[in-house]
Amino acid sequence: MADTVLITGGCGFIGTNFVRRMLERYDYNIINLDKLTYAGNLENLADCGNNDRYTFVRGDVASVDDLEKVFAKPIDIIVNFAAESHVDRSIIDPDSFIRTNINGTFNLLEMARRKNTRRFIQISTDEVYGSLGSTGAFHEDTPLSPNSPYSASKTSADLLATAYFKTFGMPVIITRCSNNYGPYQFPEKLIPLIITNALADKELPVYGDGLNVRDWIHVKDHCAAIDLVMHKGETGNIYNIGASNEKANIEIVKLVLAILGKPESLIRYVTDRPGHDRRYAIDSGKITGQLGYKPSVDFAEGMRETVEWYVDNREWWERIKTGAYLEYYEKMYGSR
Ligand code: NAD
Ligand code: DAU
C-alpha cells in the first residue's frame with residue numbers, strides 16, 4: 001500500500017506548492033493538516049478536492065486532541081510546514097508563534113515518537129542563524145543567533161527536533177531555506193505586497209534604507225529540495241537550501257516596478273523593522289554535494305513569471321485583501 005504523508009500547513013504558500021508536487025509526482029496518500037489561520041487558504045488546493053489520495057483536515061498542531069485524531073491512522077512521513085511565519089506579526093503579537101512553532105512542533109515530535117513515524121522533516125529557516133555582515137554565508141554549523149520572536153521560535157523548534165534525534169533516535173531531518181518567492185505567497189510578504197500594491201498604484205513601503213539583503217529562491221526549487229531531502233536525506237542531518245540570489249530589498253522593489261511598467265515614485269521609505277536582520281546568504285554546498293541538489297529557476301525569469309502570476313490571478317489576492325477567501329471554508333465544510 002502507498003505510504004501516507006502528513007503535510008502540516010499545506011494551505012500556506014510553500015505547503016500548497018509542496019502538496020501539489022507530491023500529488024503530481026508520487027502515489028502517496030496525502031493528509032493536509034492545517035488550522036486555516038489568516039495565512040491558510042483552502043482555495044489554493046480547491047482543485048485537489050476530487051483526488052482520492054488527498055485529504056484535508058482542519059486542525060491545530062498545538063492541539064494534542066487534533067493530532068490524536070489524525071494519528072488514529074498510520075502516518076509514514078511527516079513534513080512540518082505549519083508555522084506562524086511573518087516576522088512583523090511576531091513583533092506585534094508573539095504569542096501564537098510560541099504556541100504553533102514551539103508547542104506545535106513538540107506535539108508532532110511526541111506523536112511521531114509514540115507512533116514510530118518513519119521520517120520527520122522539520123521545515124526551518126535561515127533566520128535561525130541571525131544576521132550576516134557584508135561577507136560570508138550561513139553554513140549548517142553557523143551558530144544559532146535568532147533576533148526576532150519568529151526566528152527564536154523556529155530555532156527552539158529546531159533544537160527540540162535535534163534533541164529528539166539525539167535522545168530518542170528519532171528519524172528527524174531539518175531543512176533551513178532562504179527567502180522564497182513564487183505563486184500563492186500571502187500578500188503581506190515583501191514581493192507579493194509590492195506587486196499587488198503597485199498594481200493598485202498604492203505606495204510601496206520600504207523599511208529603513210532599503211539595503212537589507214535577502215537571498216531569494218523560487219518556491220519550486222525549495223519544494224524540489226525538500227523532496228530530495230525526504231527521499232535521500234540522512235537522518236539527524238541539517239540541510240541549508242538556497243539559490244544564490246542575494247538582492248537588496250530596494251533592487252527587488254525596482255525590479256517589480258520595471259516588470260510592471262510602474263513609476264519609482266510609488267516607493268516610500270518607512271521606519272525600519274525593529275531588530276531587522278541586515279543580510280542573509282545561504283551556502284547550499286552540503287545539499288548540492290551530498291544529494292545532488294541544483295536550483296533550476298533563473299531569478300530574472302522566475303520573478304517575471306511570479307509577477308505575471310499575480311497579474312493573472314488578481315481575483316486570488318483580491319479575495320485575500322477583502323477577506324472573502326475566509327468564507328470558502330464555511331461554504332465547503334460549514335454544513336458537514
Ligand atoms: P505561510 O504563513 O504561508 O503558511 C503557514 C501555514 O500554516 C498556513 O496554511 C496556516 O494556516 C498554517 N498554520 C499556522 N498555524 C497552524 C497550526 N497551529 N496548526 C496547523 N496549521 C497551522 O508560511 P510559508 O511561507 O508557506 O512557510 C511554511 C514554512 O516554511 C514555515 O515553517 C516557515 O517557517 C518556513 N520557511 C518559509 C520561508 C519563506 O520564505 N516563506 C523560507 C524558509 C522557511
Ligand atoms: O529567510 C527566510 C524567511 O523569509 C522565512 O523564514 C520567513 O517565514 C519569511 O517571511 C521571510 O522573512 P523576511 O522577514 O525576510 O520576509 P519579508 O517578506 O517579511 O521581508 C523581506 C525583506 O523586505 C525584509 O528585509 C523586510 C523588508 N520589507 C518587508 C515588508 C513586508 C520591507 O522593506 N517592506 C515591507 O513592507
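Among residues of the range 144-157 that are within 12 Å of residue 277 (Cβ to Cβ), those with a beta-carbon under 8 Å from a residue that is open to solvent by 20 Å² or more (accessible area, probe 1.4 Å) and among the small types (Gly, Ala, Ser) at least six positions away or on a different chain give the pairs 145/131; 146/152; 147/131; 147/275; 148/275; 150/85. Answer yes if at least one residue in the range 124-145 is part of a strand (DSSP E or B), within 10 Å of ligand 1 (Cβ to nearest atom) and modelled with pLDDT of 95 or more, and no otherwise. Yes, there is a match, as at least one residue in the range 124-145 is part of a strand (DSSP E or B), within 10 Å of ligand 1 (Cβ to nearest atom) and modelled with pLDDT of 95 or more.
Residues in the range 203-251 that are among the hydrophobic types (A, V, I, L, M, F, W, C), within 16 Å of ligand 1 (Cβ to nearest atom) and closer than 19 Å to residue 309 by Cβ: 216, 217, 219, 223, 224, 243. Residue 92 falls short on exactly one of the conditions (1) within 15 Å of ligand 2 (Cβ to nearest atom); (2) in contact with a helix residue (DSSP H, G or I) (Cβ under 8 Å, 6 or more places away or on another chain), and that condition is (2). Residues that are crowded, with 22+ Cβ neighbours inside 10 Å and assigned to a loop (DSSP other than H, G, I, E, B) were ranked within the range 1-12; the one that is farthest from ligand 1 (Cβ to nearest atom) is 10.
Yes/no matrix, rows are residues, columns are (1) under 24 Å from residue 188 (Cα atoms); (2) β-branched (Val, Ile, Thr); (3) not in a helix (DSSP H, G or I):
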| site | (1), (2), (3) |
| --- | --- |
| 45 | yes, no, no |
| 50 | no, no, yes |
| 55 | no, yes, yes |
| 60 | yes, no, yes |
| 67 | no, no, no |
| 74 | no, no, yes |
| 85 | yes, no, yes |
| 88 | yes, no, no |
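Among the residues making up the range 278-305, those that are farther than 21 Å from residue 87 by Cβ, open to solvent by 60 Å² or more (accessible area, probe 1.4 Å) and part of a loop (DSSP other than H, G, I, E, B) are 294, 296, 298. Looking across the range 159-173, just one residue is touching a residue at least 60 places away in the same chain (Cβ under 8 Å) and either within 11 Å of residue 128 (Cα to Cα) or crowded, with 24+ Cβ neighbours inside 10 Å (or both), and that is 172.
May I ask you to verify whether residue 151 is closer than 25 Å to residue 281 by Cβ and open to solvent by 40 Å² or more (accessible area, probe 1.4 Å)? Judged against the criteria, residue 151 is not a match.
Screening the range 239-272 for residues that are buried (at least 19 other Cβ atoms within 10 Å of the Cβ) and within 24 Å of residue 173 (Cβ to Cβ) and picking the one that is farthest from ligand 2 (Cβ to nearest atom) gives 239. Selection over the range 195-212 of residues that are among the hydrophobic types (A, V, I, L, M, F, W, C) and surrounded by fewer than 19 Cβ atoms within 10 Å (Cβ to Cβ) gives a count of 3. Just one of the listed residues (61, 57) is more than 19 Å from residue 223 (Cα to Cα), touching a Lys or Arg at 6+ places or on another chain (Cβ under 8 Å) and surrounded by 22 or more Cβ atoms within 10 Å (Cβ to Cβ), namely 61. Restricting 210, 275, 236 to residues that are small (Gly, Ala, Ser), near ligand 2 (Cβ under 10 Å from one of its atoms) and either closer than 18 Å to residue 132 by Cα or not in a helix (DSSP H, G or I) (or both) narrows the list to 210. In the range 284-311, the residues that are under 11 Å from residue 245 (Cβ atoms) form Cβ pairs under 7 Å with partners that are open to solvent by 60 Å² or more (accessible area, probe 1.4 Å), at six or more places apart or across chains, as follows: 297/220. Set side by side, the residues 121, 98, 78 differ, and just one is more than 11 Å from ligand 2 (Cβ to nearest atom), at pLDDT 95 or above and touching a Lys or Arg at 6+ places or on another chain (Cβ under 8 Å), which is 78.
Selection of the range 63-92 for residues being among the aromatic types (Phe, Trp, Tyr) and near ligand 1 (Cβ under 10 Å from one of its atoms) yields only 81. Listed by first and then second residue, the pairs with beta-carbon distance under 9 Å, at least 6 apart or on different chains, first residue in the range 13-31 and away from ligand 2 (no atom under 16 Å from the Cβ) and open to solvent by less than 20 Å² (accessible area, probe 1.4 Å), second of a type in the set (Asp, Glu) and assigned to a helix (DSSP H, G or I), are 22/227.
The values are calculated or read from the model by the stated rules, or taken from the named source; none is laboratory data. These figures come from a predicted structure and were not determined experimentally. We place every Cβ from the backbone using ideal geometry, glycine too, and count neighbours over all the protein chains shown. Calculation scope for accessible area: heavy atoms of the full protein, side chains included, ligands and nucleic acids excluded. Shrake-Rupley method; radii C 1.70, N 1.55, O 1.52, S 1.80 Å.
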